[in-house]
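Readers should treat all values here as calculations from the given coordinates under stated rules, not as data from a laboratory. No experiment lies behind these values; they were computed from the predicted model shown. Note that we place each Cβ from the backbone using ideal geometry, even for glycine, and neighbour counts take in every protein chain shown.
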Amino acid sequence: MTDTFTKEKRSDVMSRIRSRDTKPEKLVRSYLYSRGVRFRLHRKDLPGKPDITLSRINSVIFVHGCFWHHHKNCKRSNWPKSNVDYWKPKINKNILRDKQHLIKLKELEWKPLVIWECQVNEIDQNRELNRLVLEYNKSLIHASKN
């Protein structure tokens, strides 16, 4: 299957895709902030520059796009049918890099959480995220008692 856009148009379309401050990322941040959780964004000193860092409880959150990070068994992560020689290695490299970042973060005693783009709509039902919110709020209570 050939691309429906010209090379220039495809380049223009791809250049507009954001790598940070995406809509799913903003929704997760809004969810956390509305529950009193304070965080830092895109810390460059941590492996993978996590989207959200909760330093108080040594946790980081990555909000991954299903296509770019190839979320298994997700309808949004289909392999492209055109330019396969470019996309397969690129996405596989993303997957490998993500795994390496998670390993390094765990070695540094950070607790990483990956939230997928397709999970953002049911974010209030995400057990792991809600566990982080509870842990964060408990740390605030504990700190105020001391």
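Just tell me which lysines come within less than 18 Å, Cα to Cα, of Lys26; anything on the same chain fewer than 8 places away is out. Candidates past the 8-residue exclusion: Lys49.
Near the amide H of Val60, within less than 5 Å, lie the amide hydrogens of Leu54, Lys111, Leu113, all on another chain or at least 5 residues away, with H placed in the peptide plane.
The residues packed around Gln100, meaning those with a beta-carbon under 15 Å from its beta-carbon, carry a net charge of +4 if Lys and Arg are +1 and Asp and Glu are -1.
Protection proxy ranking of 86-97, 20-31, 110-121, by the mean of other Cβ atoms within 10 Å over each peptide's residues and highest first, is 110-121, 20-31, 86-97. Computed from label points 7 Å out along Cα-Cβ, the spacing between Asp45 and Lys106 is 2.4 nm.
Taken about its Cα centre, the chain carries a charge dipole of roughly 140 debye when the Cβ of each Lys and Arg holds +1 and the Cβ of each Asp and Glu holds -1.
Can you give me the distance in nm between label points at Ile141 and Asn92, each placed 7 Å from the Cα along the Cα-to-Cβ direction? Output for this residue pair reads 4.9 nm. Please work out which option in (1) -0.60, -0.99, -1.19; (2) -0.75, -1.04, -1.17; (3) -0.66, -1.03, -1.22 gives log10 I(q)/I(0) by the Debye sum over Cα atoms at q = 0.13, 0.17, 0.19 Å⁻¹ calculated from these coordinates, and answer with its label. Calculated log10 I(q)/I(0) by the Debye sum over Cα atoms at q = 0.13, 0.17, 0.19 Å⁻¹: the matching label is (3). In order along segment 110-115, the Karplus-derived 3J(HN,Hα) couplings, from 6.51 cos²θ - 1.76 cosθ + 1.60 at θ = phi - 60°, round to 9, 9, x, 10, 10, 10 Hz, and Gly and Pro are given as x.
Beyond 28 Å in Cα-Cα separation lie the following of the pairs Lys104/Lys145; Lys7/Lys44; Lys81/Lys111; Lys23/Lys88: Lys104/Lys145; Lys7/Lys44; Lys81/Lys111. Between Leu132, Asn78, Ile115, the Cα set farthest toward the positive side of the dipole of segment 17-141 (charges on each charged residue's Cβ, about the Cα centre) is that of Asn78.
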